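Asker: Dropping a structure here in structure tokens format, bear with me for questions.
We did not get these values from a lab; they are worked out from the coordinates using the rules stated. Because the structure is a prediction, the values reported are computed rather than measured. Methodologically, a virtual Cβ is constructed for each residue, glycine included, from the backbone with ideal geometry; neighbour enumeration extends over all protein chains shown.
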Amino acid sequence: MLNNNMYYTTRGIYGVKIYTCIDKNCTIIFERQLNTVMSNEMIEEAKSFYENLDENNKKNVKFQICKNCKSIEGEGDCVVWLNMSLHNFITELSV
């Protein structure tokens with residue numbers, strides 16, 4: 001796990017998660033995670049999934065991306081899921 005090492009995130013997205021949270025009940029409605037950087041086509045698949053949701057479901061949607069982390073001491077890698085806003089999901093995940 002993270003221990004006391006310092007880590008930095010690498011370039012590229014390793015996963016995308018789209019989920020809803022209503023009254024603290026969270027449900028994952030889309031998730032893709034790989035051991036390699038996601039291709040543009042896979043990122044487009046996640047964006048397309050969101051765009052095809054009905055307007056009511058879009059109101060409760062939250063986003064996360066998975067990034068690979070490297071230890072500055074070279075003692076292994078880890079992954080971390082980071083929250084992402086709708087605006088960043090649409091604009092920063094451009095392909």
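Asker: Treating the angle as unsigned and between 0 and 90°, give the value, to the nearest 10°, between the Cα long axis of helix 40-51 and the longest Cα principal axis of the chain.
Answerer: The answer is roughly 40 degrees.
Asker: Calculate the FRET efficiency for T10 and M42 from the Cβ-Cβ distance with a Förster distance of 22 Å, rounded to the nearest 0.05.
Answerer: On the way: r = 17 Å, r/R0 = 0.78.
FRET efficiency, T10 to M42: 0.80.
Asker: Quick one: of the DSSP bridges fully inside the range 7-92, what percent are antiparallel, nearest 5?
Answerer: On the way: 25 of 25 bridges.
In the range 7-92, DSSP labels about 100 percent of beta bridges as antiparallel.
Asker: Work out how far the C-alpha atoms of the chain reach from end to end along every principal axis, then list the three figures in whole Å, largest first.
Answerer: Here the Cα extents, ordered largest to smallest, are 46, 32, 20 Å.
Asker: Hey, another quick one. Please list, by residue number, everything in the range 24-43 whose backbone N is under 11 Å from a paramagnetic label point 7 Å out along Cα→Cβ of N57.
Answerer: Answer for the range 24-43: 29-30.
Asker: Under unit Cβ charges (Lys, Arg +1; Asp, Glu -1), what dipole magnitude, rounded to 20 debye, does the chain have relative to its Cα centre?
Answerer: Values: 10 positive and 12 negative charges, 39 e Å.
About 180 debye.
Asker: Quick one: how many lysine pairs does the range 7-92 have with C-alpha atoms less than 21 Å apart and a gap of 8 or more or different chains? Give me the count, please.
Answerer: Taking the Cα cut-off of 21 Å, the pair count is 12.
Asker: Okay, next question. What ranking of Y50, Y19 emerges when the number of other C-beta atoms within 10 Å of each C-beta is taken as an exposure proxy, fewest first? Intermediate results must be reported in sequence, preceding the final value.
Answerer: On the way: Y50 18, Y19 15.
If I rank by nearby Cβ atoms, fewest first, I get Y19, Y50.
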